[in-house]
Amino acid sequence: MFLLIDQSNNGVYAVRNRKNEKVVQIFEDKDDADRYMGLLLANSSEGEYDDLEVIDIDEETIVKNCEIYGYNYCIITPEDIVFPP
């Protein structure tokens with residue numbers, strides 16, 4: 001599984017849902033995570049997402065951390081289409 005990490009603060013990149021809750025996006029496919037990060041970079045103001053990195057991490061670790069910190073999460077499969085906010 002792959003997710004985006006902000007290297008400047010070692011935090012996990014998360015989006016906010018309609019209820020303003022943080023949601024960590026977990027990608028099954030690295031290419032999808034890379035593509036999403038590229039869209040973030042292309043649609044952002046200068047330097048906003050320059051410290052993002054795609055990392056490979058096991059699902060159990062991600063889910064456990066989301067539960068500890070009270071984040072929601074979603075698993076994005078290759079069949080899903082997601083767009084940055």
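The values are calculated or read from the model by the stated rules, or taken from the named source; none is laboratory data. Just so it is clear, the model here is predicted, and its values are computed rather than measured. Note that we place each Cβ from the backbone using ideal geometry, even for glycine, and neighbour counts take in every protein chain shown. All accessible areas refer to the heavy atoms of the entire protein, side chains included, with ligands and DNA or RNA removed. Shrake-Rupley method; radii C 1.70, N 1.55, O 1.52, S 1.80 Å.
Along the chain, the longest continuous region that contains none of the GluC sites (Glu not before Pro) in a DSSP loop with at most 13 other C-beta atoms within 10 Å is 49-78.
Shown are D32, D51, whose ranking by accessible area with a 1.4 Å probe and every protein chain present, most to least, is D51, D32. Per residue, the chain exposes an accessible area of 68 Å² to a 1.4 Å probe, with every protein chain left in place. Where a ≥ b ≥ c are the square roots of the eigenvalues of the C-alpha gyration tensor, would you call segment 8-57 rounded, which needs a/c under 1.5, or, failing that, prolate if a/b is larger than b/c, or oblate? Cα axes put segment 8-57 in the rounded bin.
Surface composition of segment 1-52: carbon plus sulfur atoms contribute 40% of the solvent-accessible area (1.4 Å probe, protein chains only, all chains present). Note on E60/D6: beta-carbon distance plugged into 1/(1 + (r/R0)^6) with R0 of 22 Å gives a FRET efficiency of 0.50. Take every DSSP beta bridge whose two residues both sit in the chain; close to 70 percent of them are antiparallel.
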